[in-house]
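Single-structure report; data block below.
Every number here is computed from the coordinates shown, using simple stated rules; none is lab data. Quick caveat: nothing in here was measured; it's all calculated off a predicted structure. Note: ideal-geometry Cβ built from the backbone for every residue, glycine included; neighbour counts use all protein chains shown.
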Amino acid sequence: MKSISNVTSGSSTTTTTGNKFAISKDLNSGSWNWGTLSVDELQIVLDLLDQTNNSKLISNPRITTLENHEAEIKILTIIPIPTINRFSEAATTTDILTFQDEEVGITLRVTPRLNSYGQITMEVHPSVQDIIGFSGPVENQKPITSERSIKTRVTVNDGETAVLGDC
């Protein structure tokens, strides 16, 4: 029989069930949940969320790296932003149109380390940027972007999958 225990401290709760755990932390700007699942358990959860139309998978990156070496994967859209440079010489004014590129999308940086118990501890830094609008005159608009990111450290057993998400 598996044991279940809850520990509440301030605004966070830790639940353990046998060798599984889940942590829920209520932050001022929202709440974050994390825990460990086996690959089979993760597939069941994802299938359930898909059936209830209660989720949106924004990316499923896979990356390989060596121990203690950072790996980075980017899934980006390049947005050209027009810039008008006006030059005046004598009585003549000339406009030169150039573009500056802005990258918007998903970035994931991971640094894995193996420990003596055969587990993998990863420093994980995902970042998701979205375009939420535009500002400026119609002929020279600049995108307004929002960014969500987290920097954390997770330990998983060999064969387990780490999943990060916001609520």
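Worth pointing out:
- Multiplying the residue separation of residue 81 and residue 117 by 0.36 nm and subtracting their alpha-carbon distance yields 7.9 nm.
- Qualifying trypsin sites (Lys or Arg not before Pro) for the range 97-156 [loop in DSSP, other Cβ within 10 Å: at most 11]: 151
- Annotation: extensible slack from residue 49 through residue 88 equals 8.0 nm (criterion: 0.36 nm per residue apart, minus Cα-Cα distance).
- For the range 50-131, the list of chymotrypsin sites (Phe, Trp or Tyr not before Pro) that fall in a loop by DSSP and count at most 14 other C-beta atoms within 10 angstrom reads 117.
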